[in-house]
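Peer 1: Before I ask anything, let me first share the structure, which is written out below as structure tokens.
Derivation of every value follows stated rules applied to the coordinates shown; laboratory data play no part. Predicted model, so just to flag it, every value in this text is computed and none were measured. Glycine gets a Cβ as well: all are built from the backbone with ideal geometry, and neighbour counts include every protein chain shown.
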Amino acid sequence: MSARDLHGPGAPWGGAEPGARSNSDFKVVGQPRPKVDGIAKATGAAVYTDDLTFPGMLHAKTLRSPHAHARIVRIDTSKARALKGVHAVLTGDSMPIKYGVIPWTPDENALAVDKVRFIGDPVAAVAAIDEDTANAALKLIEVEYELLHTYLDPFESLQRKEPQIHEDKKGGNISKSVQLEFGKVEEALAGAEVVVEDDYFFHGSTHAPIEPHCAVATYSADGVLTLWSATQITHYVHRALARVLELPAHRIRVIQPCLGGAFGGKSDPFSLEFCVSKLAMVTGRPVKMLWTREEVFYAHRGRHPMHLHYRSGVTKDGKLVGVDAKILIDGGSYSSFGLVTTYYSGQLLTGPYHFPTYRFDSTRVFTNKPPCGPKRGHGSVQPRFAFEVQLDQLAEKLALDPIEIRRRNFQGDFTRTVNGQRVTSNGFLQCLDEVESASRWKERRGKLGFGRGLGVAGSMYISGTNYPVYPNDMPQAGVQLKVDRSGLVTVFTGGNDIGQGSNSMCAYIVAEELGIPVERVRVVAADTDLCPVDLGAYSSRVTFMVGNATIDAARKLREKLVAAVAEKWECAPARVRLIEGLAIDLEDTARSMTSVEAFQLAETKFDTLGSTGSYNTPKLGGDYRGGTIGASPAYSFTAHVVDASVDVETGRITVHDVWVAHDCGRALNPMIVAGQMEGSAYMGLAEALFEEHDVNRFGLHRGPSLLDYRLPTSLDTPDFHARIVESIDPEGPYGAKEAGEGPLHPSLPALSNAVYDAVGIRLKHLPFTPAKVLAALREKRAAASVPQGVR
Amino acid sequence: MRRMAEYRLEVNGDSLDVSAPDHWTLLEVLRYRLALTGSKQGCDKGDCGACTVLVDGKPWLACLTLARSVVGRRITTIEGLLPAHRANGGSGADPVQAAFDRCGALQCGFCQPGMILSAKALLAKTPQPTRDEMREALSGNLCRCTGYTQIFEAIESAVASELGLKPAARAWGAPPVSCAARKDGGA
Amino acid sequence: MLRLPQFELVQPSTVAEAVRALAECPGALVVAGGTDLVPNLKHELFTPPRVVSLALLAELRGIRRENDGSLVIGAMTPLAEVAESELVRAQAPALAQACSLIAGPQLRSMGTLGGNVMLDTRCQWYNQTYFWRAALGFCMKKDGTECHVVKGGRTCVAAASNDSAPALMTLGASLEIATASGKRTLALDDFWVADGIYNKQVARDEIVTAIRVPATGAGHRGAYGKLRDRGSIDFPLLGVAVRLELDAQDTVAQADVVITALAAQPKRITKVAEALAGTKPGTAAFDAAVEAVGALAHKQCKPLPNIPGDADYRREMVPVYVRRTLQAAARREGPVHHV
């Protein structure tokens, strides 16, 4: 591990004791402040991909498969090509090279080659003078299909081997299977005081960012392809384009404009990015493709449906002795991140509680449905739901308070999980304390009368992992700084700001380190020509990794500034402090100069000013196959209490309040952290109560629109109360950890647990529709009316 | 069949000549003819509110409006707020826009032009709305990022600043809870 | 973006011109606020050569009280105006409540009462894009022959989904219609056809110009209850309009319950008046009668899996919403809605 890897929690002038510094030592970090792009977004000036227009730009549309599983016998595009205004038509043979975000499982084509695997699979693309002409051309393309058996049920995919959805895949329709055991689970469970065994189901849900996917490409006369795309992984798109288009990567530039939400839904390379690129190359004109909302639903990559079976045992004191999980994962039609999903479904459960023994058996299968992928809380929201409900079932058997059982099983900080993951700072107990007191748990739980209740749940999540999607030892995040004589510092970062505020985070850090106002920092991001590589906005890695890279770059620059000023003042560098737009002499406070003067002095002394910084994770993870998947330099921890009531006549659940306590290490901007916490909790409740991404009996998406896929409105959303807990991570930037995904997890189980407190029914199958609630209430009444002896 | 129509729309106080086919929506004309790309398209067909504009002061979905059907009506898009505020002697952005920025109500920012215009319409009718009134008035504007809480706070902050009160900062409560200092290094 | 099919837009400035514009172009369609037709056009459920917009017909806007106490609501009056009108709230509370729950705020400022009355029926197999419907193999309501709701069904069962219609039925409202040959009046009760493909007795080349709501007296009570998933935006999964007429002793003299979002037409529950007559709100007798009406409604209403949502659940909610809406009306409250 090199010096660049660790920056620790202190401010730049920080003392020796890292954790001891309070927020008051900082001038920028730790205070609520606007984002660098806030006012541009509020005034409509921010430029998103579909806001771009180029002279002579063509509009492209995609022809999609109306069949869930079929072989393409023949495609005839001649009539479409002949239509006036059509400039190019592409089919699968124009881009036969397969890709996939995980290099081990490339199974996607930009346009279908030979086979289609779900209703909506892209088959052909047309570029025309306008959208209407392109649409008209689509209707002229003739495709002949030979229908194949359609898989809609993951259990069938597990059993049935022929036909294979992916013919070149070994082992029938299994996408990935992982079995790992840590310690002797059976022995441990045999010695348990209480064992609970139960089944849980997590339905599918999707990201539904309000901005649909869009991409625009130009191909210059001298052979440079430029792609603007609504992506959260500029770098991987860059690599995928080079592979599929067979262009050298240096002739490709990928730019992410302002992005209208992603949540994991824009973290694969997508068909439209290849299509507009190829169409621009073929036609020599700029080409744009904006997907309809319906197409966004087909592109999906949302949360995997999972059938989960858990068996957990505890001692009579409520301490876990073993956890045994068996999970069937419905992957949909392609791999996407599925290899990782399968590992995550087991690997990420091993905190914040101590598991003495643990085993999981997870299998992901292909079905002929829109492909699943990573949605906020990738792979771990589903098992977390099941386990946190099971934990309440265990607590009930022991007559233990649900918060108490969680406290008793707390794993501690600076420890190692049963599957070999290193845990550093851990504020989970404080999170529990916070939600317990804020919700007045002790006074209120179990005492709100029939119909209303409180529920708790906890979770942990990664702050990035040390598993770069393609193996390499280069930095995971790079940052470059450039200084202007005006006093402006420009940050160049490959990081993708997807609304979470990563550009602002870079600006805060540079301002903090160089002692200048945030307004004097500009951020240029996610442009592969201009910015050093960052792997992208996924796995909650950006604050941790890009933040550390930014600190690294800023400190190198600061060193030069301090050296130049110290030389001028003929004093030791330690006396020079950069603060509030000035360089001051700590021992002679009358002596100061503006930071602009300091910059110019440094430029005079050192040459053109700039610096680079980077971050790479230390070596982490368990020493076994897959042991690095889910290995994070730092884990965040969360606890929620949900206050909900149930109308026993209509079955409708109303959530009144959610208290969200989250250990984010240090809140670099508490306003943004709170926004992430509240937005996460909202999204979790949304999938618990309203949203369902599924196909009907024909394999057709049930309702690919924002009318039928029901995102909660402001009237359907409770009040959120964010309580930030700071545990100060020794390796995070100023001690920061992630905040954007962890706080989603507990929403669902805490709600289920609250409903149990309210009306005594255990909701184990998502989503919690009123019909399911009524059915459970009926079942409970029926059970209660049966005399004990008979049962 | 394809006919271009020529007409004039009153957008943000300007009379603008438009030439577009009859079947173009107001959203398409604003974005692709008049380059007013602040109005966003999210759902295609009236389900999300991202394209909300004001027509004679009322919140209106541009994606469901045939462009020529609003000839003669006063259209306000997100781009119109700041100039109108300046024309009235204000500085900075419109108070509601400034409050959204100040209160962290903007994450991805994509729903916000529509959200801000719905908020403007609400405040024009109800200068000091309750949270329930806000929930009702904004219930046609889906936000996927915030969970709405910081949006309500932004509107409350805008109201406070309009009344000359110090804009209420979020009740952050106690400062973040710090865990006790930890020993250095990993396990 | 999902595009509209091409058409010619005609914007007449008088009703007579509008009727002419429809008559001279077979297949032409009327658009009022556009909140129903425009999505349907984007789905290619209709591909008219001409669309006749009523946007410029100022004469069709506004709410006025006639000398006989009846309300005349111009067909182009926005739903928000109907919902907020003091006149409507006082005289026809069920209508004001129903309009206040239609879709979301923007659609209520665009959408009109005439447009809501004329709303196309809805079905999960129908309100989809052309691509989606083509992948399905279409349905009998548009471009196909099969019904995916009722296996082997011969009649389309797409659901009347207009919230205003059942309220207007309980109020005994009628429509004023402009036709090529003049004007006619049609009671809402006579408006319906039991065919989801087109469930109305108003021809495509006719224009609803106004909705007339007869006068109500001091004993009038009305309310609307709406079941939907979200607190806004969604169409009804069930809509219940009720009317009670109390006599001078505050006992029920007349009563009516109409339920929508079931099949092609709203359903008037029979024997409601008999059950409730003579009972006094606030008494156990009234409560028992309300229960009985709920049971009647449950027996008479059989929601189908036509619109999204569990049909069995929707049926289970019939008596609950009937009861709650009757009780709300009796207390001069409502609407009955979960938020």
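Peer 1: For q values of 0.11, 0.15, 0.17, 0.21 Å⁻¹, compute log₁₀ I(q)/I(0) with the Debye formula on a Cα-only model of segment C:220-330, without solvent.
Peer 2: -0.32, -0.58, -0.73, -1.03
Peer 1: Which value, to two decimals, describes the C-alpha radius of gyration of segment A:695-777 once divided by 2.2 N^0.38 Å?
Peer 2: 1.55
Peer 1: Net charge near A:Ala386, counting Lys/Arg +1 and Asp/Glu -1 over other residues with Cβ under 13 Å of its Cβ?
Peer 2: Here the count lands on -1.
Peer 1: For a footprinting-style exposure proxy, rank B:Met134, A:Met545, C:Met110 by other Cβ within 10 Å, fewest first.
Peer 2: Least crowded to most crowded, the residues run B:Met134, C:Met110, A:Met545.
Peer 1: Going by average Cβ density within 10 Å per residue, which order do the peptides A:414-420, C:190-196, A:301-307, B:93-99 take, highest to lowest?
Peer 2: A:301-307, B:93-99, A:414-420, C:190-196
Peer 1: Ignore the peptide's own chain and count Cβ atoms of other chains within 10 Å of each Cβ in C:11-20; give me the average, rounded.
Peer 2: 1
Peer 1: Could you sort the peptides A:547-555, A:484-492, C:34-42, C:52-60 by per-residue average Cβ neighbour count (10 Å cutoff), highest mean leading?
Peer 2: Answer by packing, highest mean first, reads A:547-555, C:34-42, C:52-60, A:484-492.
Peer 1: Among A:Phe387, A:Phe690, what is the fewest-to-most ranking by other Cβ atoms within 10 Å?
Peer 2: So the residues, fewest neighbours to most, are A:Phe690, A:Phe387.
Peer 1: Report Rg/Rh for segment B:79-162, rounded to two decimals, where Rg is the Cα radius of gyration and Rh the Kirkwood radius.
Peer 2: Looking at segment B:79-162, the ratio lands at 0.93.
Peer 1: Hey, could you get me the Stokes-Einstein D for segment A:114-247, Kirkwood radius over alpha-carbon pairs, 37 °C and 0.692 mPa s, rounded to whole µm² s⁻¹?
Peer 2: 156 µm²/s
Peer 1: Separate question: Return the lysines within reach of A:Lys482: Cα separation strictly under 30 angstrom, same-chain partners fewer than 8 residues apart disregarded; answer none if there are no such residues.
Peer 2: Correct list for A:Lys482: A:Lys27, A:Lys35, A:Lys41, A:Lys266, A:Lys556, A:Lys560, A:Lys568, A:Lys605, A:Lys737.
Peer 1: Can you flag which of C:Lys226/C:Lys267; C:Lys142/C:Lys200; A:Lys780/C:Lys302; A:Lys169/A:Lys369 are past 24 Å Cα-Cα?
Peer 2: A:Lys780/C:Lys302
Peer 1: Using the count of nearby Cβ atoms within 10 Å as a rough guide to exposure, how do C:Asp120, A:Asp719 rank from fewest to most?
Peer 2: Ascending Cβ contact count within 10 Å gives the list A:Asp719, C:Asp120.
Peer 1: Using only atoms on other chains, find how many Cβ atoms lie within 10 Å of each Cβ of peptide A:686-699 and report the average.
Peer 2: 1
Peer 1: Moving on to the next point. For all pairs of alpha-carbon atoms in segment C:1-54, what percent lies in each bin of width 5 Å, listed from the first bin to the last filled one?
Peer 2: So the P(r) values, bin by bin, are 5, 22, 31, 23, 14, 4, 1, 0.
Peer 1: Run the paramagnetic zone check for B:Ala87: 7 angstrom along Cα to Cβ, then residues of segment B:10-42 with backbone nitrogen under 11 Å.
Peer 2: Counting backbone N atoms under 11 Å from the label point, the list is B:11-15.
Peer 1: Further, regarding this structure: Distance between the C-alpha centers of segment A:112-164 and segment A:217-269? Whole Å please.
Peer 2: Answer, in whole Å: 24.
Peer 1: Could you tell me whether segment C:1-90 comes out rounded, prolate or oblate from its Cα gyration tensor? Rule is a ≥ b ≥ c as square roots of the eigenvalues, rounded for a/c under 1.5, then prolate if a/b exceeds b/c, otherwise oblate.
Peer 2: oblate
Peer 1: Could I ask something else about it? If packing is taken as the average number of other Cβ atoms within 10 Å across a peptide's residues, how do C:146-157, A:765-776 rank, most packed first?
Peer 2: My ranking of the peptides, most packed first, is A:765-776, C:146-157.
Peer 1: Let me ask something else. Note the per residue figure in Å³ for the convex hull of the C-alpha positions in chain C.
Peer 2: 129 Å³
Peer 1: Shielding by partners for B:31-40, please: the mean number of other protein chain Cβ atoms within 10 Å of each residue's Cβ.
Peer 2: Mean partner shielding for this stretch: 4.
Peer 1: Can you check what the net charge comes to around C:Val157, using other residues whose Cβ is under 12 Å from the Cβ of C:Val157 (Lys, Arg +1; Asp, Glu -1)?
Peer 2: With Lys, Arg at +1 and Asp, Glu at -1, the net is +4.
Peer 1: Classify segment A:468-608 as rounded, prolate or oblate, taking a ≥ b ≥ c as the square roots of the eigenvalues of its Cα gyration tensor: rounded when a/c is under 1.5, otherwise prolate if a/b is larger than b/c and oblate if not.
Peer 2: Prolate shape, in that a/c is at least 1.5 and a/b is the bigger ratio.
Peer 1: So, one more: Do any GluC sites (Glu not before Pro) in segment A:134-186 lie in a loop, going by DSSP, with at most 12 other beta-carbon atoms within 10 Å of their beta carbon, and if so which?
Peer 2: In loop regions of segment A:134-186 (DSSP not H, G, I, E or B), the sparsely surrounded GluC sites (Glu not before Pro) are A:Glu167.
Peer 1: A:Arg522's amide H: which non-local residues (gap 5+, or another chain) put their own amide H closer than 5 Å, with H modeled 1.01 Å from N in plane and none for Pro or chain starts?
Peer 2: Amide H neighbours of A:Arg522: A:Val489, A:Thr490, A:Val491.
Peer 1: With every atom except the alpha carbons ignored, what do you get for Rg and Dmax of segment B:4-77, in angstroms?
Peer 2: When restricted to Cα atoms, segment B:4-77 yields Rg and Dmax of 10.9, 29 Å.
Peer 1: Once you treat every alpha carbon in the protein assembly as shown as an equal point and sum by Debye, what is log10 I(q)/I(0) at q = 0.08 Å⁻¹?
Peer 2: -0.96
Peer 1: Over all alpha-carbon pairs in segment C:152-211, figure out the percentage whose distance exceeds 20 Å.
Peer 2: 30 percent
Peer 1: Within 11 Å, Cβ to Cβ, of A:Gly451, how many net charges do the neighbouring residues add up to if Lys/Arg are +1 and Asp/Glu are -1?
Peer 2: -2
Peer 1: May I ask for the Kirkwood hydrodynamic radius of segment A:274-414, worked out over all distinct Cα pairs and given in angstroms to one decimal?
Peer 2: That comes to 17.5 Å for segment A:274-414.
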